[in-house]
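Everything on this sheet refers to the single structure shown next.
The values are calculated or read from the model by the stated rules, or taken from the named source; none is laboratory data. Computed from a predicted structure; not experimentally measured. Quick reminder, even Gly has a Cβ in these numbers, built from the backbone with ideal geometry, and neighbours come from all protein chains shown.
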Amino acid sequence: MSDSKNIAYINNEPFPFESGETILSLLRRNFGPNPVPTLCDAPNLDPFGSCRVCSVEVGREQNGPTRVQASCHTPVMEGSYIYTHTEKMERLRKNIVELVLTDYPKEKFETDNPKNNELKRVAYDVGIKMEQVRYAPGRNHLDRTTDTSHPYMRANLSACINCFRCVRACDEVQGEMVLTMEGRGFDSKIVMGMNEGFMESDCVSCGACSQACPTGAISDVFDSKTNEPEEVTRTVCTYCGVGCNLDVATASGEILSITAPYDAEVNQGHTCLKGRYAFKFYDHPERLRSPMVRKNGVLENVSWDEAYSYIVDRITNIREEHGPDSIAGISSARCTNEENYLMQKFIRAVVGTNNIDCCARVCHSPTALGMQRSFGTGAATNSVIDIKYTDCMMVIGANPTAAHPVTGAKMKQAAMKGTKLIVIDPREIELAKYADHFLQLRPGTNVALLNMMLYYIIDEGLADLAFIENRTEGYDDFVANIKKLDINAMEAITGVNREEVRAAAITYASAPNAMSFHGLGVTEHSQGTFTVQQIADLAMITGNIGRRGVGVNPLRGQNNVQGAADMGAQPHQGAGYMDVTKPEMNRLYMDFYKTDKIPSHIGYKIPEMFDAAIAGDLKVMWIIGEDVVQTDPNTNKVKKALTSLDLFIVQELFMTETAMLADVVLPGASFLEKSGTFTNGERRVQRVNKVVEPIPGTKADGQIIVDVMQRMGYDQADYAPDTMLEEISQIVPFFKGITWEELAKNGKQWPVPEDGSSTEIIHIDSFKRGKGLFTYFDWRESEEIVEHGAEYPYIITTNRELEHYNCGAMTRRTGNGEILKEDVLLINAKDAADNGIADGDMVCVTSARGKVDIKARITAEVKPGVMSTTFHFPEIMVNLITSDVHDSEAKCPEYKVVAVKIRKSKGVNKLMKAAQSAGMEAAPLDKRKD
């Protein structure tokens, strides 16, 4: 609270206020959310003052002369007297609302429920009814048609009152600036883009405008027969690692809608279209609703009891015959912390092997390993809120506006407001348009480019020698190697002009506070771990560690990638990142789990599981929530591995490409049907609260694991998030002070000590390993290019699109499938012309592993020689062409460098043209012949 001398008087009663606080803020803090009526104000928007409904009288002495001022944007003055509900104010508000209603459809006002129409609520509050309106009606609402083109939103702008809330939400929250005001007076109206509809404009479907609109002029589409929620449940999004909070409205066990809570520390009333709208997969007709066991080559529905008995008998017999290391599990970064903890516990304590892995280690293992080597901890050093405090952002190998949209929007907003931005990527991502420096390097040359940046920082005398001396080691050897660099060679290797690199390096090193963000474009390379260590080197050489607005911040791709790793779903470290090979750690785990079965050797990583299965050494695999056939590299090798197993168990929501190969399929529950915790990319542990009961025939994934553990003779209590979290806090050191109850609405960032305090920034005074370690690395060409570059001269790199998530199993079963319908190949105009390819043509893309046919999209986003595509749609199966080259240290697949050759597809284009001329959709790609 502010100093006691800061006093203002509300209706002659004294109240302390904070410096810079607005009158409306002071009123709300003392009298609740609606102390005076408002129309143009929204919690996550800047004060605007256009409607004046919130006006109050303000004077300098008690009951003295006053002026009418809008409370939403007027700062409180020392000693001022504020009067909220005088007769004068009541008349003014009534007259304002009456004027607003002159241009509002009478039938909508009369039929709308006040709960869903803020204007109607305000009209009731100030005491005005439609039949009391004395003024002639306006004409703005008479000529507006309803836009029904969008699967999730409707624009009925005849109900618009020109409050600007939608425009400001689009500008201030999303930063897309699609909406604007056109005309003057009664002719003024909201338009989208160039007076387009939702689907024709640049709208990214985040729903910020719909959530902001007070009248339903822009609204969500409700599939339900009723839009009257009976309950609203706070939970956490199932998609990317931002960890957005969601308010889920339900009635009669049906989900009606999702909005973003304004008090969420992570997303402050904002989501992307996936979090806000893409939830209907949860009760999709294709949801698995019964366990299945393969009999005579066919998967048949069975009871849970039969499925469990089959699994337990087969695992027990195979373990006795071939040993525990013949069994492996792959856990899921989409499942809760508690479920991931249970899966690794089952594999270790019940089966007796360390053969446990998950996509957390697959996609971001170079992050964990690289940051552990440099700092001692493999997690984000800072928080997303630090974007507000930084002077420079470096984004390398990530596309935040598509893959981490809420964080990406914050970055875009910061860049537009003057924060320096460096983007390093082979593709001209959206953020590159706002960048001060865009370094468009050749895929696979991150190490070379970052070595150039480090060279220029040293050469320009910008190293923070005091920080280096006090907090790091290995610097002298590091500098000696950097100074030997051949900058001419590095420039040729990366394809980036040295002066551009020099300018970016100076910007980063000269900023008072600089923070970096990296994603899979860093980690999914053969030198991924080394690149992460270089990013750490950049932070240390400039002293950008241990305070606000700095640090190394990986952007996590899936919702609980961080948590799955924290819980020990990896073969070399158990829960809490303790080394399973160390005798004292091995004994700690065995004592805690009350078993003597846990081995002290490292288990199989996922690529090694596939190799072992093909070799006949791995007999059983249990996969939860990962469609490895579609998402892992070299699809044909993955299929060969899975079909070589004696027992293959898949736990899923849908019959994915992977589940089709299983011997046993177990129907799990979605995030909306269970409780637990997710840990987002900033180490924030948050409560996931069950919204609806599981679909009949399905079970929470944690309970399925517990059921099998119990049937195999292990004493494990039934799944409950609070008791599981209590167990986790006893073995994971940085969860020590976490309890289910105290996580409350916004969770806590680990490490959480026994006192329950949250940690926004780590490595403030020292690194976990003591001193930060500088390490130099030479650039090496990828084996993929060395072996196949001559025959396959183009490079394909993979990416994600905003509308879909990973393999698309969830998002393709929602309205998102209407917005983005297919994977495409991004190709430069020169490469297209050289190969006789036109925009929209089907292209045959061939690598050393196989080929796919995919539609071309000609674009300047990629340079000649480089192409890019996604793997959201199983019809394409892009991973048929990706290699099984991996990061040299962490075994992360190198999805980002694939050597290919291209040509225009032959029969496919003819088939498409024939189908189009006949008015039919083209045949599915997997049915076409080239």
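Some points to look at:
- Which numbered condition residue 135 misses (of (1) over 13 Å from residue 102 (Cα atoms); (2) at pLDDT below 90; (3) not basic (Lys, Arg)): (1)
- Remark: residue 212 falls outside the filter, which requires a residue to be surrounded by fewer than 22 Cβ atoms within 10 Å (Cβ to Cβ) and either under 23 Å from the mean Cα position of the chain (by Cα) or of a type in the set (A, V, I, L, M, F, W, C) (or both).
- Screening region 466-582 for helices (runs of 4 or more DSSP H) wholly inside it with 3 or more residues that are under 30 Å from residue 329 (Cβ atoms) returns the ranges 520-523, 528-541, 561-566.
- Within this structure, residue 701 fails the test of being at pLDDT 95 or above, surrounded by fewer than 23 Cβ atoms within 10 Å (Cβ to Cβ) and touching a Phe, Trp or Tyr at 6+ places or on another chain (Cβ under 9 Å).
- Those residues of region 15-52 which are among the hydrophobic types (A, V, I, L, M, F, W, C), in contact with a Ser or Thr (Cβ under 9 Å, 6 or more places away or on another chain) and either assigned to a helix (DSSP H, G or I) or more than 23 Å from residue 173 (Cα to Cα) (or both), in sequence order: 17, 23, 24, 26, 27, 31, 36
Conditions (1) among the β-branched types (Val, Ile, Thr); (2) more than 36 Å from the chain's Cα centre (by Cα), marked per residue:
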site	(1), (2)
305	no, yes
309	no, yes
318	yes, yes
323	no, yes
326	no, no
331	no, no
335	no, no
342	no, no
348	no, no
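- Taken over region 414-428, the criterion of being assigned to a strand (DSSP E or B) and either aliphatic (A, V, I, L, M) or closer than 14 Å to residue 862 by Cβ (or both) is satisfied by 421, 422, 423, 424, 427.
- All positions within region 27-79 that are among the small types (Gly, Ala, Ser) and under 19 Å from residue 8 (Cα atoms): 32, 55, 59, 64, 70, 71, 79
- Scanning region 672-697 for residues that are assigned to a loop (DSSP other than H, G, I, E, B) and crowded, with 24+ Cβ neighbours inside 10 Å gives 674, 680, 681, 682, 683, 691.
- Condition met for residue 588 (buried (at least 23 other Cβ atoms within 10 Å of the Cβ) and either among the basic types (Lys, Arg) or modelled with pLDDT of 95 or more (or both)): no
- Residue that is surrounded by the most Cβ atoms within 10 Å (Cβ to Cβ), among those in region 564-581 that are more than 24 Å from the chain's Cα centre (by Cα) and touching a residue at least 12 places away in the same chain (Cβ under 8 Å): 574
- Residue, nearest to residue 415 (Cα to Cα), within region 192-224, restricted to residues that are part of a strand (DSSP E or B) and modelled with pLDDT under 90: 192
- For region 471-520, the set of residues classified as among the basic types (Lys, Arg) and in contact (Cβ under 8 Å) with a residue 24 or more places away in the chain consists of 471, 483, 498, 502, listed by residue number.
- Within region 616-664, if we keep just the residues that are assigned to a loop (DSSP other than H, G, I, E, B) and small (Gly, Ala, Ser), the residue that is nearest to residue 348 (Cα to Cα) turns out to be 625.
- Just one of (1) out of contact with any strand residue (DSSP E or B) (no Cβ under 9 Å at 6 or more places or on another chain); (2) without any contact (Cβ under 8 Å) to a residue 12 or more places away in the chain; (3) not charged (D, E, K, R) fails for residue 240. It is (2).
- Entirely in region 773-866, the strands (runs of 3 or more DSSP E) that have 3 or more residues that are touching a residue at least 60 places away in the same chain (Cβ under 8 Å) and buried (at least 23 other Cβ atoms within 10 Å of the Cβ): 794-798
- Here region 543-563 is the region considered, the condition is being buried (at least 24 other Cβ atoms within 10 Å of the Cβ) and more than 22 Å from the chain's Cα centre (by Cα), and the residue that is farthest from residue 381 (Cα to Cα) is 544.
- Meets criteria (out of contact with any Phe, Trp or Tyr (no Cβ under 9 Å at 6 or more places or on another chain), of a type in the set (D, E, K, R) and in a loop (DSSP other than H, G, I, E, B)) for residue 596: yes
- Pairing each residue of region 56-69 that is under 18 Å from residue 96 (Cβ atoms) and in the same structural domain as residue 26 (by TED's automatic domain parsing) with any residue that is among the aliphatic types (A, V, I, L, M) and part of a loop (DSSP other than H, G, I, E, B), provided the two are 6+ apart or on different chains, yields no C-beta distance under 6 Å.
- Of everything listed in (1) touching a residue at least 24 places away in the same chain (Cβ under 8 Å); (2) closer than 28 Å to residue 524 by Cα, the single unmet condition for residue 432 is (1).
- Every pair of residues 6+ apart whose Cβ atoms lie under 7 Å, when the first sits in region 73-93 and is in contact (Cβ under 8 Å) with a residue 24 or more places away in the chain and closer than 20 Å to residue 48 by Cα while the second is of a type in the set (D, E, K, R) and outside any strand (DSSP E or B): 75/21; 76/21
- Restricting region 583-618 to residues that are charged (D, E, K, R) and more than 35 Å from the chain's Cα centre (by Cα), the residue that is nearest to residue 637 (Cα to Cα): 617
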